[in-house]
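Q: Dropping the structure in here first, questions after.
The values are calculated or read from the model by the stated rules, or taken from the named source; none is laboratory data. What you see is a predicted model; the values in this text were computed from it and never measured. In this analysis, Cβ positions are derived from the backbone assuming ideal geometry, glycine residues included, and neighbour counts consider all displayed protein chains. Just the protein is used for accessible areas: all its heavy atoms, side chains included, with ligands, DNA and RNA removed. Shrake-Rupley method; radii C 1.70, N 1.55, O 1.52, S 1.80 Å.
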Amino acid sequence: MAPRKIIIDTDPGQDDAVAILLALASPEEIEVLGITAVAGNVPLELTAKNARIVCELADHTHIPVYAGCDRPLNRELVTAEHVHGKTGLDGPVLPDPQMPLVDGHAVDFIIETLRVHESGTVTLCPLGPLTNIATAFQKAPDIVDRVQEIVLMGGAYFEVGNITPAAEFNIYVDPEAAEVVFNSGAHIVVMPLDVTHDALVTQQRNEAFRALNSKVGHAVAEMTDFFERFDKEKYGSEGAPLHDPCVTAYLIRPDLFSGRHINVQIETQSELTMGMTVADWWRVTKHPPNAMFMGEVDAEGFFALLTERLARL
Ligand code: RIB
Ligand code: CA
């Protein structure tokens, strides 16, 4: 089977970095057409820099990296240095990137790529706020039907919020963008906190990264060692939740995940619940399903896949 063509839209972010590495390590299943940076965990200048740092860490400097939107559609940017550190990629000491950004805006790259490739053959993989994706859909409505699928990390239902009591960070930062995407009619697969909070880098799993005894293995171990502090302190977790790698793992092994095709709507009015993903898990409304909302992951299988693939880099 031909590899799946994807665009990774991202706000690295240690977990974004691991998601990108997993994709780059899996050429049989995934062809990364490009990486588009968006403001989120840290400002755009840093997410665009970190995306290139990760490509160079994987020795994949041929991957085109574009800078995208530097703020949400209608709101001030909220960042997450308290989770990811000042650089957004705290933990390992990695060299500044030598590879340049590709000229042009990420939104235009998304639009052109979807227009150039055969309809239904390009998957969008947003790992941060949905600002770039929503802006592309608003600027070029014709591309929505050309999207094969959107597989995104964002939202929560049973787990509720990680940045507010009600909202998950990616959706909270740009709820209006999320509303555009979830109402677009595109096929959407959602990896919410309900799933990603089970993908924890326990000490044993972290040691398995180190045991790879490679620059990638050590970097991932150091990233997750840093990144785990927030969740350990807040939730008493056993380790860092690998939110974004659930997206790229799904492309390789969808059988590791299970969920329900349900209606998901985004709160954009109430400041109290702004950015909440109101997931009709129990199908109590008559709203038509618009997303495959994941609820469970085989964590052992996920980490076995991730560790095996990271060993390739
Ligand atoms: O809430 C988790 C999400 O927010 C992840 O994508 C993490 O990288 C941050 O962007
Ligand atoms: Ca992210």
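Q: Which Rg and Dmax, in Å, describe the Cα atoms of the stretch 60-129?
A: Spelled out, the Cα radius of gyration and Dmax of the stretch 60-129 are 15.2, 42 Å.
Q: Separate question: Report, for the chain, the % of DSSP beta bridges that are antiparallel, rounded to 5.
A: 30 percent
Q: Could you check how much of the accessible area of the stretch 71-135 is carbon and sulfur, as a whole percent, using a 1.4 Å probe?
A: 53 percent
Q: Follow-up. If packing is taken as the mean number of other Cβ atoms within 10 Å per residue, what is the order of 140-149, 164-173, highest first?
A: 164-173, 140-149
Q: Just how far, in whole angstrom, is the stretch 131-169 from the stretch 285-313 if you go by their alpha carbon centroids?
A: If you average the Cα positions of each part, the centres end up 16 Å apart.
Q: Right, something else. How far is it, in nm, from the label point at residue 70 to the one at residue 218 when both lie 7 Å from their Cα along the line to the Cβ?
A: According to this spin-label approximation, the distance is 3.5 nm.
Q: Sticking with this one: Karplus couplings for the stretch 105-114 from phi (6.51 cos²θ - 1.76 cosθ + 1.60, θ = phi - 60°), rounded to Hz, Gly and Pro as x?
A: Each residue of the stretch 105-114 in turn: 8, 4, 4, 5, 5, 4, 4, 5, 4, 5 Hz.
Q: Across bins of 10 angstrom width beginning at 0, how are the C-alpha pair distances of the chain distributed, in whole percent?
A: 7, 31, 39, 21, 3, 0
Q: Which shape class applies to the stretch 156-306: rounded if a/c is under 1.5, otherwise prolate when a/b exceeds b/c and oblate if not, where a ≥ b ≥ c are the square roots of the Cα gyration tensor eigenvalues?
A: Prolate shape, in that a/c is at least 1.5 and a/b is the bigger ratio.
Q: Now for a separate question. Once both labels are modelled 7 Å past Cα along the beta-carbon direction, what's the residue 145-residue 253 spacing in nm?
A: Rounded to a tenth, the inter-label distance reads 3.8 nm.
Q: Sorted by average packing, counted as other Cβ atoms within 10 angstrom per residue and highest first, what order do 283-291, 218-226 take?
A: So the peptides 283-291, 218-226, ranked by packing, come out 218-226, 283-291.
Q: Okay, moving on. Please work out how much length the chain gains when fully extended from residue 93 to residue 304, using 0.36 nm per residue of separation minus the C-alpha to C-alpha distance, in nm with one decimal.
A: Going from the current span to full extension adds 73.4 nm.
Q: Before rounding to the nearest 500, sum -39500 (n - 2.57) across all DSSP H runs of length at least 4 in the chain and divide by the residue total; then give [θ] at 222 nm in deg cm²/dmol.
A: Using -39500 (n - 2.57) per qualifying helix, the result is -10500 deg cm²/dmol.
Q: Report the label-to-label distance for residue 261 and residue 121 in nanometres (one decimal), using points 7 Å from each Cα along the Cα→Cβ vector.
A: My value for the distance between the label points is 2.5 nm.
Q: So who's got an amide H within less than 5 Å of the one on residue 295, skipping anything under 5 residues away but keeping other chains? H placed 1.01 Å off N, in plane.
A: Answer set, sorted by chain and number: 258, 259, 260.
Q: Apply the Karplus parameterisation 6.51 cos²θ - 1.76 cosθ + 1.60, with θ equal to phi minus 60°, to every residue of the stretch 208-215 and state each ³J(HN,Hα) to the nearest whole Hz, in sequence, with x for glycine and proline.
A: Couplings: 5, 5, 4, 5, 5, 6, 10, 5 Hz.
Q: Would any residue of the stretch 203-244 have its amide N under 18 Å from a label point 7 Å out along Cα→Cβ of residue 311? List them or say none.
A: Backbone N within reach: 204-221.
Q: Moving to a separate point now. Tell me the net charge near residue 134. Cut-off is 14 Å between Cβ atoms, residue 134 excluded, with +1 for each Lys or Arg and -1 for each Asp or Glu.
A: Residues close to residue 134 contribute a combined charge of -1.
Q: Please report, in whole Å³, the volume per residue of the convex hull around the C-alpha atoms of the stretch 40-194.
A: It comes to 123 Å³ per residue, whole-number rounded.
Q: Right, next: Please list 46-53, 118-125, 255-262 highest first by mean number of surrounding beta-carbon atoms within 10 Å per residue.
A: Highest-to-lowest ranking by the protection proxy: 46-53, 118-125, 255-262.
Q: While we're here: I want to make sure I understand the PRE zone here: with the label point 7 angstrom from the Cα of residue 233 toward its beta carbon, which residues in the stretch 157-180 have backbone N atoms less than 18 Å away?
A: 162-165, 169
Q: Work out, step by step, the length gained on full extension between residue 284 and residue 112: first 0.36 nm times the residue separation, then minus their alpha carbon distance; give nm to one decimal.
A: Length difference between fully extended and current span is 58.0 nm.
Q: Considering only protein heavy atoms, what per residue accessible area in square angstrom results for the chain with a 1.4 angstrom probe?
A: 39 Å²
Q: Once phi is turned into ³J(HN,Hα) by the Karplus curve 6.51 cos²θ - 1.76 cosθ + 1.60 with θ = phi - 60°, what whole-Hz value does each residue of the stretch 19-32 show in order, with x for glycine and proline?
A: Result, ordered by residue: 4, 5, 4, 4, 5, 5, 8, 10, x, 5, 9, 9, 10, 7 Hz.
Q: Sequence-distant or interchain residues sharing an amide H contact under 5 Å with residue 89, placed H: which?
A: Hits under the 5 Å cutoff: 13.
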